[in-house]
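Down below is the structure, laid out as structure tokens.
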Amino acid sequence: MSESITLTDAGFLPEDLLPDVSLLVTEDDEPLDNLPSEKQQKLLTETLYSSWNGPSNAQGFLAAANVGLFTTGKQPPIVPDVFLSLDVQIAENWWEKKHRSYFFWEFGKPPEVVIEIVSNREGNETGRKLLEYARMRVMYYIIFDPTQQLGGEILQMYELRGRQYIPTSEQWLTEVELGLCLWEGAYEGKRDVWLRWCDSEGNVIPTGAERAEQEREAKETALQRVERLAAQLRALGVEPGA
């Protein structure tokens, strides 16, 4: 019985009837990814923790890369490149196995957003994964295909309508209060076209380094304004601060 538990069931069953995570393979310790994908994953997760407070009325969020999503104890996980889940928190004892992955029966819900970064044609992003994420009830499914391996647009966005995904050209994710956009610029020394989170006006959510630079520039601009005003006062024979 415990191995066929669904998300709906989990909220009504005692802990001894939940899947036994000790039998699940939650990580294989054999990551193999490419440099562009690793940088892109970091850009998408780091900016949220550096410069985003989450949507209004949300109680925290979790953004992660290459972490398995387990819907039941019977099905193998699916591992998106990046996901975002609202109103959840990481457990205090996160090294305990039952907290190390995204178990739906522990978090009580699917993520709102999953993002796949395409580097070859082996991921089946528009086939099996599209069907799997819809079955999981993930609200938004994003495919970023920078080298157009799939033969379509660089950025493909889907929104769950009923039980299936509908392609959308709307880059603002209303239920998450975030947008996604393509941005050409340098990140960690590499200039490219990147997938970035943005606000409702299309302004990218800054990384920690970008935000620090913006604050430094703002301080310098304010200081220059004060110095110009002081020079104007002196020209009128008024000593600033006197």
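The values are calculated or read from the model by the stated rules, or taken from the named source; none is laboratory data. Just so we're clear, the structure is a prediction, and the values are computed from it rather than from any experiment. For neighbour counting, all protein chains shown are included, and Cβ atoms are generated from backbone atoms with ideal geometry for every residue, glycine included.
Give the number of residues within the range 90-110 that are assigned to a loop (DSSP other than H, G, I, E, B) and either crowded, with 23+ Cβ neighbours inside 10 Å or not polar (S, T, N, Q) (or both).
10
Take the residues of the range 58-80 that are among the small types (G, A, S) and outside any strand (DSSP E or B): which is surrounded by the fewest Cβ atoms within 10 Å (Cβ to Cβ)?
Result: G60.
Output the residues belonging to the range 111-135 that are of a type in the set (A, V, I, L, M, F, W, C), surrounded by 14 or more Cβ atoms within 10 Å (Cβ to Cβ) and out of contact with any helix residue (DSSP H, G or I) (no Cβ under 8 Å at 6 or more places or on another chain).
If the condition is that a residue be of a type in the set (A, V, I, L, M, F, W, C), surrounded by 14 or more Cβ atoms within 10 Å (Cβ to Cβ) and out of contact with any helix residue (DSSP H, G or I) (no Cβ under 8 Å at 6 or more places or on another chain), then V113, V118, L130, A134 are the ones that fit.
State whether one or more residues within the range 151-170 are more than 22 Å from E38 (Cα to Cα) and aliphatic (A, V, I, L, M).
Within the range 151-170 (the criterion being more than 22 Å from E38 (Cα to Cα) and aliphatic (A, V, I, L, M)), the answer is yes, since at least one residue qualifies.
Looking at the range 143-163, which of its residues are in a strand (DSSP E or B) and either under 14 Å from L180 (Cα atoms) or not assigned by TED's automatic domain parsing to the domain that holds V176 (or both)?
I143, F144, L155, Q156, M157, Y158, E159
Could you please give the count of residues in the range 164-191 that are outside any strand (DSSP E or B) and aromatic (F, W, Y)?
Qualifying residue count, the range 164-191: 0.
From the list L229, L195, L155, L182, pick out the single residue that is of a type outside the set (F, W, Y) and exposed (fewer than 14 other Cβ atoms within 10 Å of the Cβ).
The unique qualifying residue is L229.
Scan the range 154-206 for residues that are of a type in the set (D, E) and more than 22 Å from S56 (Cβ to Cβ) and jot them down.
Across the range 154-206, the qualifying residues are E184, E188, D192.
Under 6 Å between Cβ atoms, at least 6 apart or on separate chains: pull out the pairs that start in the range 29-51 with a residue that is within 21 Å of I143 (Cβ to Cβ) and end on any residue that is modelled with pLDDT under 95 and surrounded by 13 or more Cβ atoms within 10 Å (Cβ to Cβ).
Filtered contacts from the range 29-51: N34/S119; S37/S119.
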